[in-house]
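Colleague: Structure below; questions to follow.
The values are calculated or read from the model by the stated rules, or taken from the named source; none is laboratory data. Predicted, not measured: the structure shown is a model, and the values here were computed from it. Positions of Cβ are backbone-derived with ideal geometry, glycine not excepted, and every protein chain shown enters the neighbour counts.
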Amino acid sequence: MEAQLFHIFRNTPLGRETLFQSTYFCSKTGAAINIYVPEFTKFLMYFENDVIQINLDESYLTAPGSALEHATEVVMQKNIKPKFIKPKHFTASTLPDIPTGFDFMCCPRSISDLSSKIGIGYIGPRVRRIVKSARFPVLITSPVYKEWSSITVFFGGSANAVNALKLGFRIKRATKMPLYIFTQAEKGHKKTCKDVIKHENLEKEMEQLADRWQIFEKGKFEENLYKVPHDSLVVLGAYGHGFIKDIVFGSKMEKIQSTVSNNLLIVGPNYTATV
Amino acid sequence: MHSLKSWRYPAKWILFRTDDRLLLIFIAVIVGICSSLAAILLNRSLIAILSWLHPFRQIWWAFVLPGIGAAMSSLFLEKIVNEGAGHGVPEVVYSVSRYGGLMRFRSSFSRLISSCLTIGSGGSAGPEAPVVMSGAAIGSNIAKFFSLNDRQRVALVGCGAAAAISSIFNAPIAGMIFSMEVILGEWSSAYLIPIAIASVAGTEVSRILQGNQIVFSHRHFDIDLMNIVVCLGLAIITAAASILLTRMIKYMNGKYGKAPVPLWMRAALGGCTVGLIGLFFPVVLGEGYNSIHMMIEGVFAQGFIIVVLAAFLKILATSLTLGSGGSGGIFAPCLVIGSFTGLAYHRGLVLLWPSVSWVNEGCFALLGMAGLISGMLQAPMTAIFLIVEITGGYEVILPLIIVSTISTTFCRYIESASFYLKDLTEKGHLLRPRTDARVLTELNVRELLETDCIGVKQNMLLRDFINIVKKSHRNYFPVEDEKTGHFLGMIYLDDIRPYLFNPGMYDAVLLGQIMDINVQTVALDDDLTEILDIMDINHLYSMPVVADNKFAGMISKATLLNQYRKELMVQAND
């Protein structure tokens with residue numbers, strides 16, 4: 001069965017760009033696209049141990065009459081047949097429950113704030129919660145349509161980074177694109193990362209599938225991000241460290257997404273990856 | 001850092017590792033205390049707002065106060081916390097039924113604030129249901145914080161609801177029974193123990209902070225057989241009042257729902273109308289516990305006609321408040337309407353048979369309350385124990401049982417479900433444990449998929465197909481398009497038997513010519529209830545599952561029954 005990507009459609013030029021990104025992702029990975037055209041500005045997503053209410057801005061309800069037609073038009077350009085999701089269950093009469101059993105979900109940088117905030121530099125709190133609770137990785141798109149021709153995995157040795165690496169292998173297999181691994185190695189970290197690869201029995205995959213493993217032992221993380229190809233799909237793990245550490249030092253995810261304009265595929269702690 | 005993290009996973013603590021019942025009891029105490037504090041907070045806030053607004057009640061323009069309160073409540077829910085109006089109990093039952101008790105954090109405070117605004121300003125509603133929702137959401141979020149599983153989370157949702165009712169009424173048994181009877185819909189020891197503990201914790205916190213007071217003062221009633229017999233009539237009248245209240249709220253909801261004005265304006269309009277009624281009949285305003293006190297004490301002086309009118313106007317005021325979008329529950333209005341109904345019934349009896357020595361009218365007010373609660377909630381046990389506990393006397397237990405059970409029975413004849421569960425039942429969202437709907441909801445098409453069918457192509461010759469039939473233990477074969485792999489139809493051995501025994505056809509017939517193209521198919525995300533309905537209507541035992549135009553497998557009644565039994569056993573063991 002095909003992997004399924006979930007996309008919330010916004011019938012605006014910005015929404016079209018995001019849908020192009022999802023469609024491109026699906027065309028490369030062979031996933032099917034499930035589009036939700038919202039009828040209300042709120043909906044709920046019930047995960048295993050959390051329920052998240054998404055509050056969309058009014059722009060998501062723009063021109064509902066032409067939304068299906070516009071979405072179909074965009075998706076059909078890549079010869080993909082769109083599947084539209086109609087909510088079956090409602091927690092309250094204007095609060096539909098959207099299923100969560102997908103393999104990927106596409107989110108703009110923030111889905112709960114005004115369009116003006118969508119851009120580099122801010123991942124909305126709702127998107128962060130989805131990443132934290134979902135079993136699927138979240139595709140956070142760049143502000144305008146951007147094709148990618150390689151995959152870059154940020155690997156720092158944490159459990160979520162291992163999941164990101166496994167997802168990178170999976171995408172590499174599906175797309176046959178070059179796969180680069182990017183590691184910012186601090187003191188003794190290089191050995192730790194290699195040990196993790198060994199411990200997770202990923203040596204064979206690293207040899208066969210990784211085209212380059214760049215380990216940066218010098219320079220600041222933000223400066224080294226310049227080395228990430230501009231046309232690469234960036235895969236990274238989120239919530240690898242503790243809450244307090246994230247608050248004090250800031251999270252890697254936030255640093256990466258605020259520095260690079262690439263499409264990001266973020267793997268949360270509940271994602272169960274298979275190589 | 002590790003030790004800091006591990007405290008969020010109490011299931012891993014040595015104390016709880018062997019038996020998770022201890023864990024539930026431990027967390028039930030926390031939930032009970034928190035829910036009780038929420039209930040007390042609402043109670044105190046209501047008292048503060050009511051006393052602050054009291055001097056204004058005498059002024060002619062005071063009728064706008066309930067309108068302002070309802071509008072603020074609606075704006076708060078719609079614009080600030082992004083929630084819908086209503087009392088919230090159906091949302092609690094829905095989350096228990098379908099999502100293992102998962103509730104949003106905001107639900108733990110949203111209805112407290114909105115109902116405080118509605119009721120404090122004079123809207124005719126009760127604080128109990130919002131407190132139940134708040135307590136349930138507190139339980140759910142504490143379970144989420146400690147990463148507990150679905151079963152444990154449901155238990156804690158029940159604990160929160162039970163503690164809230166226990167605390168607000170100082171009635172631990174009623175809280176427990178309400179939670180089991182209305183919220184969870186099942187009586188199992190796995191839930192009973194933590195819920196009982198939470199009720200005790202909630203009641204004790206309430207007693208420490210507010211004193212061990214009985215909500216309505218206890219009076220001694222001498223009830224003889226004659227009084228018990230006439231209770232049958234009261235049961236029928238309270239059942240009628242329950243049905244009238246249910247339908248009036250629904251009617252007002254529909255009427256206000258169609259009004260082409262913003263939600264807050266609808267709520268304001270409803271609130272102002274209640275305020276206008278309140279100018280002439282102040283007893284309809286707010287929760288109305290003062291009137292109940294007077295009726296139980298037997299000092300409510302107004303005559304029969306006024307009491308009947310007050311009952312009708314309270315029904316109208318409650319319908320206007322809740323139907324227009326105000327926030328609050330029906331528990332307190334039920335008690336008020338019930339006591340009016342009981343009082344009116346008593347006065348009617350006295351008018352008809354003045355020579356009979358009837359029990360004090362306060363007793364009938366109590367019985368009326370039980371009748372209304374039983375009718376609206378269709379939960380007779382909750383009504384019986386609530387009245388016994390809030391009045392502190394067992395003398396009325398026999399007529400209480402009669403009124404509660406008969407009222408529930410009559411209401412069930414006319415309304416298929418209680419006020420709380422009516423919408424859920426109509427939409428098919430009420431999934432009580434071990435019911436057919438619940439078991440089917442727990443299963444999905446993916447886990448029932450039979451994937452050992454051999455696919456064939458439409459251009460295959462019958463001769464080649466016979467070789468495939470020899471290898472297969474199935475008597476149906478999906479036909480797929482050679483180029484696209486799309487599902488085209490099915491071949492059932494029973495349908496093509498004449499061709500199989502005619503060797504002359506072996507090289508003349510292609511499978512595309514004999515396949516059945518009018519096959520009923522199902523999708524991977526279809527509901528099993530709907531699939532079973534299709535199977536029953538069409539007398540089918542199995543159906544092909546098609547995903548993205550491709551054959552994914554078969555779903556059959558045999559596999560379904562097998563999984564159904566397993567799921568039922570799991571639910572029975574919970």
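Colleague: Report whether or not B:V519 is surrounded by 13 or more Cβ atoms within 10 Å (Cβ to Cβ), β-branched (V, I, T), assigned to a loop (DSSP other than H, G, I, E, B) and more than 14 Å from every other protein chain (Cβ to nearest Cβ).
Modeller: yes
Colleague: In addition: Can you tell me how many residues within the range B:405-440 are assigned to a helix (DSSP H, G or I) and in contact with a strand residue (DSSP E or B) (Cβ under 9 Å, 6 or more places away or on another chain)?
Modeller: Number satisfying all stated conditions: 0.
Colleague: Continuing with the same structure: Name the single residue, out of those in the range A:232-258 being modelled with pLDDT of 70 or more and not in a helix (DSSP H, G or I), that is surrounded by the most Cβ atoms within 10 Å (Cβ to Cβ).
Modeller: A:V235
The rows are residues; the columns are (1) under 22 Å from the mean Cα position of the chain (by Cα); (2) surrounded by fewer than 18 Cβ atoms within 10 Å (Cβ to Cβ); (3) part of a loop (DSSP other than H, G, I, E, B); (4) not polar (S, T, N, Q).
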| site | (1), (2), (3), (4) |
| --- | --- |
| A:E2 | yes, yes, yes, yes |
| A:H7 | yes, no, no, yes |
| A:G15 | yes, no, no, yes |
| A:P38 | yes, no, yes, yes |
| A:Y60 | yes, no, no, yes |
| A:G65 | no, yes, no, yes |
| A:A71 | yes, no, no, yes |
| A:V74 | yes, no, no, yes |
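Colleague: A further question on this structure: Quick check on the range B:236-256. Is at least one of its residues on the phi > 0 side of the Ramachandran plot and not polar (S, T, N, Q)?
Modeller: no
Colleague: Check B:V469, B:V546 and return the single one that is β-branched (V, I, T), in the same structural domain as B:E450 (by TED's automatic domain parsing) and under 30 Å from A:N79 (Cα atoms).
Modeller: Going through B:V469, B:V546 in turn, the sole match is B:V546.
Colleague: Among the numbered criteria (1) part of a helix (DSSP H, G or I); (2) within 14 Å of chain A (Cβ to nearest Cβ); (3) surrounded by fewer than 21 Cβ atoms within 10 Å (Cβ to Cβ), which one does B:S95 miss?
Modeller: (3)
Colleague: Criterion first (out of contact with any Cys (no Cβ under 8 Å at 6 or more places or on another chain), assigned by TED's automatic domain parsing to the domain that holds B:G368 and touching a residue at least 12 places away in the same chain (Cβ under 8 Å)) does B:M176 satisfy it?
Modeller: no
Colleague: With within 23 Å of B:F340 (Cα to Cα), of a type outside the set (A, V, I, L, M, F, W, C) and surrounded by fewer than 15 Cβ atoms within 10 Å (Cβ to Cβ) as the only criterion, which of B:G303, B:G278 stands out?
Modeller: Only one candidate passes the filter, namely B:G303.
Colleague: So how many residues does the range A:1-29 have that are within 14 Å of another protein chain (Cβ to nearest Cβ) and free of Cβ contacts under 8 Å to residues at least 40 places away in the same chain?
Modeller: The total comes to 2.
Colleague: Report whether or not B:D495 is free of Cβ contacts under 8 Å to residues at least 24 places away in the same chain, acidic (D, E) and part of a helix (DSSP H, G or I).
Modeller: So B:D495 passes the test.
Colleague: For the range B:155-193, how many residues meet the condition of being farther than 23 Å from B:L209 by Cα and not in a helix (DSSP H, G or I)?
Modeller: So the count comes out to 4.
Colleague: Is it the case that A:K78 is charged (D, E, K, R), assigned to a loop (DSSP other than H, G, I, E, B), away from chain B (no Cβ under 13 Å) and farther than 30 Å from B:M133 by Cβ?
Modeller: Yes: the conditions hold for A:K78.
Colleague: Does the range A:95-118 hold any residues that are surrounded by 15 or more Cβ atoms within 10 Å (Cβ to Cβ) and modelled with pLDDT under 85, and which are they?
Modeller: Scanning the range A:95-118 gives A:C107, A:P108, A:R109, A:S110, A:I111, A:S112, A:D113, A:S115, A:I118.
Colleague: For the range B:68-84, enumerate the residues that are within 9 Å of chain A (Cβ to nearest Cβ) and in contact with a Leu (Cβ under 6 Å, 6 or more places away or on another chain).
Modeller: B:E83 - this is the single residue of the range B:68-84 that is within 9 Å of chain A (Cβ to nearest Cβ) and in contact with a Leu (Cβ under 6 Å, 6 or more places away or on another chain).
Colleague: For the range B:475-523, name all the residues that are of a type in the set (D, E, K, R) and more than 23 Å from B:H539 (Cβ to Cβ).
Modeller: Scanning the range B:475-523 gives B:E480, B:D481, B:E482, B:K483, B:D507.
Colleague: Looking only at the range A:86-106, count every residue that is more than 20 Å from B:A523 (Cα to Cα), assigned to a strand (DSSP E or B) and facing chain B (nearest Cβ under 10 Å) and tell me the total.
Modeller: Qualifying residue count for the region: 4.
Colleague: Still on this model: Among B:D548, B:D533, B:D507, which is under 30 Å from A:K83 (Cα atoms), at pLDDT below 85 and not hydrophobic (A, V, I, L, M, F, W, C)?
Modeller: Only one candidate passes the filter, namely B:D548.
Colleague: Still on this structure: Being within 26 Å of the chain's Cα centre (by Cα), touching a residue at least 24 places away in the same chain (Cβ under 8 Å), more than 14 Å from every other protein chain (Cβ to nearest Cβ) and in a helix (DSSP H, G or I), is that true of even one residue in the range B:546-562?
Modeller: No, because not a single residue in the range B:546-562 is within 26 Å of the chain's Cα centre (by Cα), touching a residue at least 24 places away in the same chain (Cβ under 8 Å), more than 14 Å from every other protein chain (Cβ to nearest Cβ) and in a helix (DSSP H, G or I).
Colleague: Okay, next question. Among the residues of the range A:22-44, count how many are of a type in the set (K, R) and more than 15 Å from A:L139 (Cα to Cα).
Modeller: Final tally of qualifying residues: 1.
Colleague: From B:F477, B:F419, which residue is of a type outside the set (V, I, T), crowded, with 21+ Cβ neighbours inside 10 Å and without any contact (Cβ under 8 Å) to a residue 60 or more places away in the chain?
Modeller: On inspection, the qualifying residue turns out to be B:F477.
Colleague: Being free of Cβ contacts under 8 Å to residues at least 24 places away in the same chain and within 16 Å of B:A268 (Cβ to Cβ) is the filter here, so list the residues in the range B:65-119 that pass it.
Modeller: Result: B:K79, single match.
Colleague: Residues of the range B:98-110 being hydroxyl-bearing (S, T, Y), facing another protein chain (nearest Cβ under 10 Å) and crowded, with 23+ Cβ neighbours inside 10 Å, which ones?
Modeller: B:S107
Colleague: Give all pairs with beta carbons closer than 6 Å in which a residue from the range A:30-55 that is more than 7 Å from chain B (Cβ to nearest Cβ) meets a residue that is of a type in the set (K, R); count only pairs at least 6 apart in sequence or on separate chains.
Modeller: Short answer, once both residue conditions are applied: A:N34/A:K83; A:I52/A:R129; A:I54/A:R126.
Colleague: Related question: State all residues of the range B:138-161 that are among the hydrophobic types (A, V, I, L, M, F, W, C), in contact with a helix residue (DSSP H, G or I) (Cβ under 9 Å, 6 or more places away or on another chain) and either over 30 Å from B:G271 (Cα atoms) or without any contact (Cβ under 8 Å) to a residue 40 or more places away in the chain (or both); if no residue qualifies, say none.
Modeller: B:I142, B:A143, B:F146, B:L148, B:V154, B:A155, B:L156, B:V157, B:C159
Colleague: Here's a check for you: in the range B:441-452, which residue that is within 11 Å of chain A (Cβ to nearest Cβ) and not in a helix (DSSP H, G or I) is surrounded by the fewest Cβ atoms within 10 Å (Cβ to Cβ)?
Modeller: B:T451
Colleague: Would you mind telling me which numbered condition in (1) surrounded by fewer than 20 Cβ atoms within 10 Å (Cβ to Cβ); (2) closer than 30 Å to B:G329 by Cα B:G455 fails?
Modeller: (2)
Colleague: What number of residues within the range B:522-545 satisfy the criterion of being more than 14 Å from every other protein chain (Cβ to nearest Cβ) and assigned to a helix (DSSP H, G or I)?
Modeller: Selection size over the range B:522-545: 7.
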